[in-house]
1. Tell me which residues, restricted to region 18-52, are exposed (fewer than 15 other Cβ atoms within 10 Å of the Cβ) and hydrophobic (A, V, I, L, M, F, W, C).
2. I'd like to check something: does region 87-97 contain any residue that is of a type in the set (A, V, I, L, M, F, W, C), out of contact with any His (no Cβ under 7 Å at 6 or more places or on another chain) and under 30 Å from CYS18 (Cβ atoms)?
3. Any residue in region 56-79 that is modelled with pLDDT under 95, within 30 Å of THR136 (Cα to Cα), open to solvent by 80 Å² or more (accessible area, probe 1.4 Å) and in contact with a Gly (Cβ under 9 Å, 6 or more places away or on another chain)?
4. All but one of (1) over 16 Å from GLU140 (Cα atoms); (2) out of contact with any Cys (no Cβ under 8 Å at 6 or more places or on another chain) hold for GLY21; state the number of the condition that does not hold.
5. Could you please tell me which pairs satisfy a Cβ distance under 6 Å, a separation of 6+ or placement on different chains, a first residue in region 111-134 that is in a loop (DSSP other than H, G, I, E, B), and a second residue that is not basic (Lys, Arg)?
6. I'm checking my understanding of the structure. Among residues of region 25-79 that are assigned to a helix (DSSP H, G or I) and of a type in the set (Phe, Trp, Tyr), which one is nearest to GLN111 (Cα to Cα)?
7. Applying the selection to region 94-137, what residues are farther than 27 Å from ARG31 by Cβ and hydroxyl-bearing (Ser, Thr, Tyr)?
8. Cβ-Cβ distance below 8 Å, separation of 6 or more or different chains: which pairs start in region 39-66 with a residue that is free of Cβ contacts under 8 Å to residues at least 60 places away in the same chain and end on one that is assigned to a helix (DSSP H, G or I) and open to solvent by 50 Å² or more (accessible area, probe 1.4 Å)?
Amino acid sequence: MPTPGYFFSMLTMKCPRCRRGNMFKDNNPYRRLSLKHIFDMPDHCPECGQKYDMEPGFWYGTSYVSYALTVALSVATFVAWAVLIGVSVKDGDHRIYWWLGVNAVILILAQPWLMRFSRVLYIRFFVSYDKNYKNTKPTEYG
């Protein structure tokens, strides 16, 4: 069986250890309009048994990752806006304010995906890929 790609497994939100098991119970963060269920995750990877919530408070570090992703997305939209439309601070020219509004809408719409993706990135700091995951014990902390 071929090894799943690193970036593809991140974008599809798969387990970092086996790159096959889903990290979230529902793959689509937008399916339910309630943010109450956005982080519904199994306790362990269904494929390799890796524990996701490794210690109490483990996921608090994702706030820093989420912040960095949000800043990166804002910078990307600003650069795209500056190149395609232009940015001006002259009196009567309000293009910068239009960008702020458009960027806010983009961030609000992308937030469920960004919050999940921050968990995917964060756990990869602690759990690495194991090509022999069927014969080795999962990483345990706490």
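1. LEU33, LEU35
2. So far as region 87-97 goes, no, none of its residues is of a type in the set (A, V, I, L, M, F, W, C), out of contact with any His (no Cβ under 7 Å at 6 or more places or on another chain) and under 30 Å from CYS18 (Cβ atoms).
3. yes
4. Unmet for GLY21, out of (1) over 16 Å from GLU140 (Cα atoms); (2) out of contact with any Cys (no Cβ under 8 Å at 6 or more places or on another chain): (2).
5. ARG124/PRO16; VAL127/PRO16; VAL127/THR139; ASP130/THR136; TYR133/CYS18; TYR133/CYS48
6. Step by step, filter region 25-79, then rank; the result is TYR67.
7. The answer is TYR97, SER128, TYR129, TYR133, THR136.
8. From region 39-66, the pairs are SER66/MET115.
The values are calculated or read from the model by the stated rules, or taken from the named source; none is laboratory data. Computed from a prediction, not measured in an experiment: that's the story for all the values here. Neighbour counts run over all protein chains shown; Cβ positions are idealised from the backbone, glycine included. Heads up: the accessible areas ignore ligands, DNA and RNA and are worked out on the full protein's heavy atoms, side chains in. Shrake-Rupley method; radii C 1.70, N 1.55, O 1.52, S 1.80 Å.
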